[in-house]
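In what follows, a single structure is set out as C-alpha cells and then discussed.
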Amino acid sequence: MFKKHDLRAEETKKAILEAAGKLFAAHGFESVTIREIAKEAGCSHTTIYLYFKDKEGLLHDLSMPALNQLERQFETILSEEKLSLEEKLRGLSREFIRFCLLKRNMFTILFTERAGRVDEAEPELDINRTRNKLFASMMAALQGCLELQQHDNRLLTFSRIYYFALYGIVGTYAHSEESYEQLRERLGSTFDDMVDVLLAGFKKKLNREEGTI
C-alpha cells in the first residue's frame, strides 16, 4: 500500500501531466514553458524536474500510454485471420478515427508534436518510433490490398495519401460538439466509403501505369 508521501507524489505527477496536456493542447508544445506548466499545476518549476527530465519527458509520459494502447489495437486487427486484407485496412481506419475522436483534445499532442518523418528508420524519440510503427501497420495493410512490393516507392506515396485522408477526417471534427458515437452514427458509412474510394483510385492508377487498362 502506498505511503502518504508516495500518494502525494503520484498526485503531484498527475497534476503536472494534466497541466502540461492542457497547455500543450491550447498553445503548442514549443510555446509552453516549464514555469507555465508549474503555475498551472500549482507547484514550483523545480518540482517538475523531480519527476521529468525536461519537456520532452512530459510529452513522452503524456503520449506513450495512449499510443501504445492504439498499437495493441492495431496488432489485434492485423492478426485476425478471419478478416480479409480490405477488412483489416478498414478496421485500422475505424480504430484510428475512433481513437483520435475520443481523445480529440490530445490529438495534436499525440500525432504532431515533435513529429519526425514516417520513413525515418531509427527516430531519436520513443514517441516517434511508436508513431512510425502505427504508420507501418497501415502501410502493411495497404501493401497487401494493392499487392505492391515493400521497396516500391508508390507504396509509401499511397500510404501517405491514405494517412492524410484519415488525418483530415479527424481534423475536420476535432472541435465538433458531436460525440464520437454521434459522428459514427451519422458518418460511419462515409468513413468506410473513403477506404473503398482510395483503394479503387490507387488500383486504377497502378493499372494505368502498368498498362492494364
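The values are calculated or read from the model by the stated rules, or taken from the named source; none is laboratory data. Values in this document were obtained by computation on a predicted structure and should not be read as measured data. A quick note on method: Cβ atoms are made from the backbone with ideal geometry, for glycine too, and the neighbour counts reach across all protein chains shown.
Per-residue answers, yes or no, for (1) surrounded by 14 or more Cβ atoms within 10 Å (Cβ to Cβ); (2) under 24 Å from Lys55 (Cβ atoms):
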residue	(1), (2)
Gly116	yes, yes
Thr130	yes, yes
Lys133	yes, yes
Thr157	no, no
Tyr163	yes, no
Thr172	no, no
Glu178	no, no
Glu181	no, no
Glu185	no, no
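Condition check ((1) in the same structural domain as Ala140 (by TED's automatic domain parsing); (2) among the β-branched types (Val, Ile, Thr); (3) without any contact (Cβ under 8 Å) to a residue 60 or more places away in the chain; (4) closer than 24 Å to Pro123 by Cα) across all residues:
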residue: Ala15; (1), (2), (3), (4): no, no, yes, no
residue: Ala19; (1), (2), (3), (4): no, no, yes, no
residue: Ala25; (1), (2), (3), (4): no, no, no, yes
residue: Thr47; (1), (2), (3), (4): no, yes, yes, no
residue: Arg72; (1), (2), (3), (4): yes, no, yes, yes
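Given (1) closer than 20 Å to Leu125 by Cβ; (2) assigned to a helix (DSSP H, G or I); (3) within 25 Å of the chain's Cα centre (by Cα), identify the lone condition not met by Val32.
(2)
Going residue by residue through region 116-124, is there one that turns out to be acidic (Asp, Glu) and within 17 Å of Gln69 (Cβ to Cβ)?
There is no residue in region 116-124 that is acidic (Asp, Glu) and within 17 Å of Gln69 (Cβ to Cβ).
How many of the residues making up region 143-161 are assigned to a helix (DSSP H, G or I), without any contact (Cβ under 8 Å) to a residue 60 or more places away in the chain and in contact with a helix residue (DSSP H, G or I) (Cβ under 6 Å, 6 or more places away or on another chain)?
Total meeting the criteria: 5.
Residues to consider are Ala174, Ala165, Ala200; find the one that is within 18 Å of Cys145 (Cα to Cα), within 20 Å of the chain's Cα centre (by Cα) and among the small types (Gly, Ala, Ser).
Values: Ala174 fails: within 18 Å of Cys145 (Cα to Cα); Ala200 fails: within 20 Å of the chain's Cα centre (by Cα).
Testing whether each residue is within 18 Å of Cys145 (Cα to Cα), within 20 Å of the chain's Cα centre (by Cα) and among the small types (Gly, Ala, Ser) leaves just Ala165.
What single numbered condition from (1) touching a Pro at 6+ places or on another chain (Cβ under 6 Å); (2) closer than 14 Å to Leu67 by Cα; (3) not β-branched (Val, Ile, Thr) fails to hold for Lys133?
(1)
Do any helices (runs of 4 or more DSSP H) lying entirely in region 37-114 carry at least 2 residues that are of a type in the set (D, E, K, R) and surrounded by fewer than 16 Cβ atoms within 10 Å (Cβ to Cβ), and which ones are they?
55-78, 85-102
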